[in-house]
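What follows is one structure encoded as structure tokens, with my remarks underneath.
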């Protein structure tokens with residue numbers, strides 16, 4: 001993916017720096033999916049911006065966004081570990097990786113790469129498969145880790161679909 005086709009780490013941090021300046025209080029942001037992988041230097045760019053917040057921090061973030069001019073960025077916001085159609089285990093926040101920044105009001109984290117994998121299994125499009133591959137290789141995630149964490153995921157919708165996708169990922173990447 002070329003830099004012009006996506007959002008790189010520098011652009012993500014510039015955007016968050018603007019938000020940081022207008023925030024009324026401290027908040028925690030968990031970068032999700034490709035956004036998290038970009039911040040962890042596992043990918044050069046992300047197609048869109050995906051963040052997870054507590055309900056209270058999400059409100060504060062939205063309030064701050066209204067103070068900024070339109071930035072032309074697509075931002076998907078999730079809350080309390082409900083990412084797309086997967087609900088992460090309650091301990092997901094403890095496993096997040098802190099991203100060092102000079103922000104005054106934003107505490108920035110990335111989902112743990114293992115949690116990125118298990119959230120991508122639900123949808124499992126071509127981009128998700130690429131991101132899963134990157135996570136497995138770069139972060140040396142094992143079959144056993146994916147199996148164990150995947151079983152803790154609550155899937156909103158057809159649970160059988162998640163199980164089928166999980167089996168597919170394990171079979172594809174761990175022969």
For residues that are without any contact (Cβ under 8 Å) to a residue 40 or more places away in the chain and at positive phi, tally how many sit in region 107-129.
0
What's the number of the only condition in (1) more than 21 Å from residue 107 (Cβ to Cβ); (2) under 12 Å from the mean Cα position of the chain (by Cα); (3) surrounded by 15 or more Cβ atoms within 10 Å (Cβ to Cβ) that residue 45 fails to meet?
(2)
Test residue 104 against the criterion of being farther than 30 Å from residue 159 by Cβ, in contact (Cβ under 8 Å) with a residue 12 or more places away in the chain, loosely packed, with under 15 Cβ neighbours inside 10 Å and not assigned by TED's automatic domain parsing to the domain that holds residue 137, and give yes or no.
yes
From the residues in region 70-93 that are free of Cβ contacts under 8 Å to residues at least 60 places away in the same chain and more than 21 Å from residue 26 (Cα to Cα), which one is nearest to the chain's Cα centre (by Cα)?
83
Options 25, 59, 120: the member that is in a loop (DSSP other than H, G, I, E, B) and either within 17 Å of residue 141 (Cβ to Cβ) or not assigned by TED's automatic domain parsing to the domain that holds residue 159 (or both):
25
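Filter region 55-76 down to the residues that are under 27 Å from residue 153 (Cα atoms), in contact with a strand residue (DSSP E or B) (Cβ under 7 Å, 6 or more places away or on another chain) and surrounded by fewer than 16 Cβ atoms within 10 Å (Cβ to Cβ) and list them by number.
Matches in region 55-76: 55, 74, 75, 76.
The values are calculated or read from the model by the stated rules, or taken from the named source; none is laboratory data. Given the structure is predicted, the values throughout are model-derived calculations rather than measurements. Heads up, the Cβs are rebuilt from the backbone with ideal geometry, glycines too, and the neighbour counts pull from every protein chain shown.
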